[in-house]
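Below is one structure, written out as structure tokens; the observations come after it.
Just so it is clear, none of the values below were taken in a lab; they were calculated from the coordinates. Here the structure is a predicted model, which means the values were calculated and not measured. Here Cβ is always computed from backbone atoms with ideal geometry, including for glycine, and neighbour counts include all displayed protein chains.
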Amino acid sequence: MSDFTDLTLATARAGLAARKFSAVELTQAHVSAIERNRGLNAFITETPDKALAMAKASDERLARGEGGVLEGLPIAIKDLFCTKDILTTAASHILDGFKPPYESTITQKLWDAGANCLGKLNLDEFAMGSSNVTSHYGPVINPWTKAGDNRQLVPGGSSGGSAASVAARLALAATGTDTGGSIRQPAGFCGIVGLKPTYGRCSRWGVVAFASSLDQAGPMTRTVEDAAIMLGVMAGHDPKDSTSAPMAVPDFRAALTGDIRGLRVGIPKEYRVDGMPAEIEALWQQGIDWLKDAGAVPVEISLPMTKHALPTYYIIAPAEASANLSRYDGVRFGLRVPGASLDEMYENTRAAGFGAEVKRRVLIGAYVLSAGYYDAYYLKAQRLRTLIARDFDQAFEKCDVILTPTAPSAAFAIGEKMDDPLAMYLNDVFTVPVNLAGLPGMSVPAGLTADGLPLGLQIIGRAFDEETMIRAAGVLEAAAGFTAKPGRA
Amino acid sequence: MFTSDVVMREETLIDGRTGKWEIIIGLEVHAQVTTQSKLFSGAATAFGADPNTQVSPVDAGFPGMLPVINEIAVEKAVKTGLGLNAVINPVSVFDRKNYFYADLPTGYQISQYQQPIVGKGRLVLDMPDGSTREVGVTRLHLEQDAGKSLHDQHPSMTFVDLNRAGVALMEIVSEPDMRTAEEAGAYLKKLRSILRYLGTCDGNMEEGSMRCDCNVSVRRPGEPLGTRNEIKNVNSIRFVMQAIEYESRRQVEVLEEGGTIRQETRLFDSGRGITRAMRSKEEAHDYRYFPDPDLLPLVLDPALIERVRASMPELPDGKKARFIADFKLSPYDAGVLVAEQSTAHFFEVVAKGRDAKLAANWVTGDLFGALNKLGLGIEASPISAEALGGLIDLIADDTISGKIAKDVFAAMLDTGKSAGEIVESQGLRQVTDTGAIEKSIDEILAAHTDKVSQYRSGKDKLFGFFVGQVMKATAGKANPALLNELLRKKLGS
């Protein structure tokens with residue numbers, strides 16, 4: 001029954017509870033879908049045996065009337081989360097053969113809630129990229145295609161495998177991580193929901209670090225309700241992560257009341273960037289109208305420091321990454337390429353183990369932190385980061401959520417923008433400021449381009465107010481009525 | 001920066017071929033914080049465990065692992081700061097110090113750079129002549145230790161032991177206020193004493209729980225500071241003093257021969273007693289310090305600082321002042337007695353209700369000598385403080401003489417018996433019976449009539465001879481004062 005793969009977390013869980021089908025049947029349908037769609041290259045490691053064994057255990061619990069929030073639901077994991085005894089690569093050659101002796105806090109929470117693990121999903125190497133082309137394991141193919149054009153498109157990145165697998169119905173949901181847009185931009189490119197929580201809402205323990213002050217894990221699903229359900233499982237204080245917030249986890253699903261009357265929706269005037277396609281502009285206006293029709297009040301706001309967000313991000317993120325990636329040195333795990341001396345072994349290992357984009361960012365990061373440049377780059381970027389966050393603080397005095405496009409374009413062809421890193425970095429222009437300010441943001445599929453590619457709208461919430469953001473997203477989702485499905489799946 | 005307000009003292013200068021030189025010394029001490037677990041992980045810290053048995057994935061720098069601060073280490077850093085009369089910074093920041101080495105798993109050391117937990121303080125040196133001298137403390141910060149590279153286990157490979165990786169260290173930096181190797185030695189002794197009093201570091205330099213980097217430069221008196229060299233990781237007080245002596249002489253020789261000192265890091269070769277260059281300033285790392293984004297700024301609750309303050313023990317300086325005031329001890333004796341808390345406690349028990357000067361002499365003299373010979377610490381003394389007090393009591397009430405007491409002390413060491421038991425069983429009680437002593441004197445004088453007449457005709461020195469004879473006759477038990485008095489009377493008559 002191929003319909004199994006069209007279920008959502010919510011409907012599948014209800015079906016299991018009502019004993020309409022078993023977790024094994026549900027999981028088997030997804031295992032088969034993964035086998036049929038290997039051409040998308042969404043997975044680095046498939047774990048069908050594990051998924052089916054977990055499903056069997058779920059069925060036993062369900063038969064006893066037990067079972068967690070995600071009991072029996074097959075999901076997939078971005079290969080940036082450490083999973084005990086399962087190959088964990090961060091899509092990098094340098095982690096060859098690395099099987100962690102521990103389970104990340106978030107995946108442990110998901111398994112404890114009853115979810116089943118289908119496998120580990122492809123991504124940009126160390127989550128550095130916006131198109132999933134930097135993976136050592138090859139690019140992920142977007143299941144969507146342009147009408148009348150069979151060229152392979154990128155799924156966005158870095159959570160490209162997560163977005164493609166959920167869009168192509170290979171998993172009911174997936175985990176993603178978002179440092180500058182890595183959940184929201186691929187969600188937009190693949191026509192699914194992607195939610196980046198407030199920094200500190202989800203534990204980073206056991207997630208391979210890219211830029212520690214920006215990284216945040218979140219759910220990637222096909223509905224806003226699913227995102228709310230999954231976030232409820234993933235969120236929560238973790239004493240093992242000093243930056244995790246000691247706050248109670250609200251019932252995010254209960255926030256989906258559909259009632260946004262009087263909600264003030266901020267529209268940042270600076271976000272009408274040059275060269276943005278008219279159809280994205282039009283969709284944004286459509287989004288404003290949908291929310292207005294539901295009783296919300298659009299308010300023009302100003303986020304003047306946004307123009308500095310990309311340069312700020314491309315100093316802070318590489319700086320942190322340059323230190324975070326020092327541990328990949330060939331000494332204790334992963335790839336080692338021998339050399340005549342310790343230094344030569346380091347050089348050989350890291351030259352062979354890291355791809356071009358990772359090397360570029362490590363070099364940028366080392367440069368901006370080096371003696372004589374620290375003040376001019378890193379320190380200045382930190383000051384700008386403070387100003388960007390203040391922009392949002394001031395804006396939220398006038399509004400309750402902010403609405404923007406998710407990205408300035410729809411999915412592009414693999415190979416496009418490859419020769420110009422700066423053009424690639426522009427993909428994140430609307431998402432990066434949210435990470436710099438530590439705020440929650442989510443992308444909701446809202447429409448299609450003229451040639452049939454999905455476009456997302458982004459809703460940004462106040463810090464630790466995912467509930468209001470989710471409520472607005474629910475209304476947007478209902479108004480958009482996005483039902484299109486990708487061609488390749 | 002390397003500046004100093006210390007006034008030049010003529011007696012600290014050293015002589016070169018062409019004149020006098022002043023040595024400028026600053027010390028950086030790495031003190032391992034006594035904690036059960038590491039600074040940012042739950043792994044154990046016991047010394048001497050098998051290689052790589054006390055390592056968590058956090059210490060090994062595994063992907064996705066995150067540091068969580070050890071609160072005990074923070075409290076002990078605060079305690080140490082208070083013990084050094086230093087400013088406690090309510091907000092401090094952990095930074096990453098980046099460099100590659102095989103025993104540094106993450107490729108960066110978590111340390112504190114611009115905002116340490118403890119700021120300026122001071123420490124008082126007790127010099128051997130009983131004088132004191134103040135040395136400024138620049139700062140104290142918390143940081144992780146690295147692992148250990150073992151280069152001698154395999155012909156072509158280096159082995160790495162990560163047991164020490166991540167262990168909590170306090171780096172305590174002094175101002176360049178010291179001028180002689182002796183002062184540097186006194187600084188380390190005093191610092192170690194304070195750390196032990198506080199229980200924040202065991203100060204064991206042999207096990208590496210206290211290590212010292214020495215910054216040394218020389219200059220002509222009154223001239224600006226010279227270029228300094230840093231001697232890394234010296235692991236005993238004696239070696240620190242040797243290294244400074246050697247290095248300052250070396251620098252003087254270089255300068256007197258018209259050379260210049262290059263800023264460099266040097267190593268002390270304890271076998272040959274020399275320092276040699278390790279790397280120059282040009283080869284120095286660019287550590288690319290920046291705030292560790294995995295850790296929030298460390299904000300100290302004022303209540304914590306007050307709780308630590310309330311738990312502070314009496315420290316060596318306070319104790320020394322009290323010993324001088326209450327027991328009328330010399331500054332030197334007081335300094336010796338307070339160096340170790342256990343010694344000070346021992347002394348106080350001995351001195352309680354007794355002649356403190358006598359107690360001090362017995363503890364620092366006979367007892368220290370005996371313990372030294374036996375290779376024992378005062379905690380393991382075969383003679384307890386109460387027992388030593390008992391011996392002193394017998395001297396005080398004239399039961400035995402000071403001379404006999406030495407024999408009794410030796411017997412106490414051998415047998416573990418009390419002074420009273422030994423005096424009784426060996427019949428050492430001193431004779432204070434005037435009649436008995438008089439009788440003995442009479443016998444001696446009668447046996448040596450020739451000497452008596454010589455004495456009476458002016459040979460005063462013979463007095464000692466008569467005392468000796470009487471003592472011999474009474475097996476040393478005659479009360480010396482009484483004997484002197486009676487003898488003088490009889491000879492004078």
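The table below gives the values:
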{"read-out": "MRE, 222 nm, helices only [DSSP H, n ≥ 4, -39500 (n - 2.57), over chain A, to nearest 500]", "value": "-11000 deg cm²/dmol"}
{"read-out": "For residue A:297, distant residues with modelled amide H under 5 Å away", "value": "A:262, A:263, A:264, A:265"}
{"read-out": "Percent RCO, i.e. relative contact order, over the range A:325-464, from Cα pairs under 8 Å lying at least 6 residues apart", "value": "19 percent"}
{"read-out": "Part-to-part distance (alpha-carbon centres) for the range A:102-162 and the range B:342-401, which is given in Å", "value": "77 Å"}
{"read-out": "Counting DSSP beta bridges with both ends in the range B:10-308, the antiparallel % (nearest 5)", "value": "95 percent"}
{"read-out": "Value of relative contact order over the range B:314-425, rounded to a whole percent, pairs C-alpha under 8 Å and six or more apart", "value": "20 percent"}
{"read-out": "Value of Rg/Rh across the range B:434-492 [Cα atoms, Kirkwood radius]", "value": "0.93"}
{"read-out": "Using alpha carbons only: equivalent-ellipsoid semi-axes of the range A:79-145, gyration tensor based, whole Å", "value": "23, 16, 9"}
{"read-out": "Interatomic Cα distance distribution for chain B, bins of 20 angstrom, percent", "value": "19, 41, 25, 12, 3, 0"}
{"read-out": "The protein assembly as shown: mean projected area of Cα convex hull, nm²", "value": "54.6 nm²"}
{"read-out": "25 Å tail of the calculated P(r), the range B:314-425, as % of Cα pairs", "value": "19 percent"}
{"read-out": "Alpha-carbon Rg with Dmax, taken over the range A:1-43, Å", "value": "11.3, 35"}
{"read-out": "Sorted by Cβ density within 10 Å, fewest first, the residues B:145, A:400, B:393, B:152", "value": "B:152, B:393, A:400, B:145"}
{"read-out": "4 °C / 1.567 mPa s Stokes-Einstein diffusion coefficient of the range A:1-159, Kirkwood radius on C-alpha pairs, µm²/s", "value": "79 µm²/s"}
{"read-out": "Positive-end residue of B:112, B:101, B:44, charge dipole of the range B:37-139 with Cβ unit charges", "value": "B:112"}
{"read-out": "Theoretical ellipticity at 222 nm over chain B - DSSP helices of four or more residues, -39500 (n - 2.57) apiece, nearest 500", "value": "-11500 deg cm²/dmol"}
{"read-out": "All-pairs alpha carbon distance profile, the range A:406-468, 5 Å steps from 0, percent", "value": "4, 15, 21, 21, 18, 13, 6, 3, 0"}
{"read-out": "Bridge type composition, chain A - antiparallel percent by DSSP, nearest 5", "value": "70 percent"}
{"read-out": "Positive minus negative residues near residue A:86 (Lys, Arg vs Asp, Glu; Cβ under 10 Å)", "value": "+1"}
{"read-out": "For the range A:51-70 versus the range A:413-489, the gap between their alpha-carbon centres in whole angstrom", "value": "33 Å"}
{"read-out": "Local electrostatic count at residue A:370 - Lys and Arg +1, Asp and Glu -1, tallied over other residues with Cβ under 13 Å", "value": "-1"}
{"read-out": "Principal axis dimensions, largest first and in whole angstrom, of chain A by Cα", "value": "64, 53, 51"}
{"read-out": "Dipole in debye (nearest 20) - the protein assembly as shown, about Cα centre, beta carbon charges: Lys, Arg +1; Asp, Glu -1", "value": "680 debye"}
{"read-out": "Between helix B:341-351 and chain B: long-axis angle, C-alpha atoms, 0 to 90°, nearest 10", "value": "20 degrees"}
